[in-house]
Amino acid sequence: MNKDKIKAMMKEQVKKLDSLIEKMNIPEPAMLPIKDITNVEESVLDNIKELNKKPIVYLIMLKENLNNLNSPEDITKIFTKTKKNQKESGKGDWYISDINASNWKLDSRCLYVGRSYGKIITRMKQHLAVGNLSRNTYSLWLKDWFKESKLPREIEIYFLEFENMSSEHIYMIEDLLWKSLSPLFGRPGKSPRSK
């Protein structure tokens, strides 16, 4: 195998992806605005109840750019303190999503890109840290630590609904959006084939 053959194989994959994107029916996203993440209540999720049983790709975005208000190191310190407080108060372990330090240099507005298959309300409760939930699932748990940060408090959550699409295609959409938006937290999802 030589470099020309490798290049040809890569071009073939790009063609397949382009073809798939052309065939996809990307819906207009639903949007859930949250004025102040530190004061959000569980009732805000009543606005997305109709999405609960559907396959969703979601984007959690800051309303404004970061403007270098925090560094990944600042957030790591906040996370360490919060994790210690959780454990000391008898609430057990606190699983927070990874910090993508390299994306902070890009001044990304995107906090997180994820997908949910029929449990979007539970997933949003975890990310927002509303309701009485165990902290042993990797999520943002925003309300637990956001007050300590200097990040803008207004966020928007976008929901893309994909009812008639395979889980593999939904994964590809999530992965493409993850690469395009450079989220500050989380990691690319695992392909359904790798599970």
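Any read-out appearing in this document is the output of simple, stated calculations on the displayed coordinates, not a laboratory observation. None of the values given here were measured: they were computed from a predicted structure. Note: ideal-geometry Cβ built from the backbone for every residue, glycine included; neighbour counts use all protein chains shown.
Just a few scattered comments:
- Projecting the Cα atoms of F159, L142, I78 onto the charge dipole of segment 65-195, computed from C-beta unit charges around the Cα centre, puts I78 farthest toward the positive end.
- Among (i) 0.98; (ii) 1.26; (iii) 1.12, the entry derived from the coordinates for Cα Rg over 2.2 N^0.38 Å: (iii)
- Net length available on complete extension from E42 to K3 is 8.6 nm, with 0.36 nm assigned per residue and the Cα-Cα distance removed.
- Segment 96-153 and segment 15-55 have Cα centres spaced 15 Å apart.
- Only helical runs count toward this figure. For the chain, summing -39,500 (n - 2.57) over DSSP H runs of n ≥ 4 and dividing by all residues gives -11000 deg cm²/dmol at 222 nm.
- In a simple Cβ point-charge model (Lys, Arg +1; Asp, Glu -1; nothing else charged), the chain has a dipole of about 700 debye relative to its Cα centre.
- Of K11/K179; K16/K105; K147/K179; K63/K91; K63/K125, pairs whose Cα-Cα distance is over 24 Å: K16/K105; K147/K179; K63/K91
- The GluC sites (Glu not before Pro) found in segment 1-90 that occupy coil by DSSP, while having at most 13 further C-beta atoms within 10 Å, are E41, E64.
- Note: relative contact order over segment 29-194, using C-alpha pairs below 8 Å and six or more positions apart, is 41 percent.
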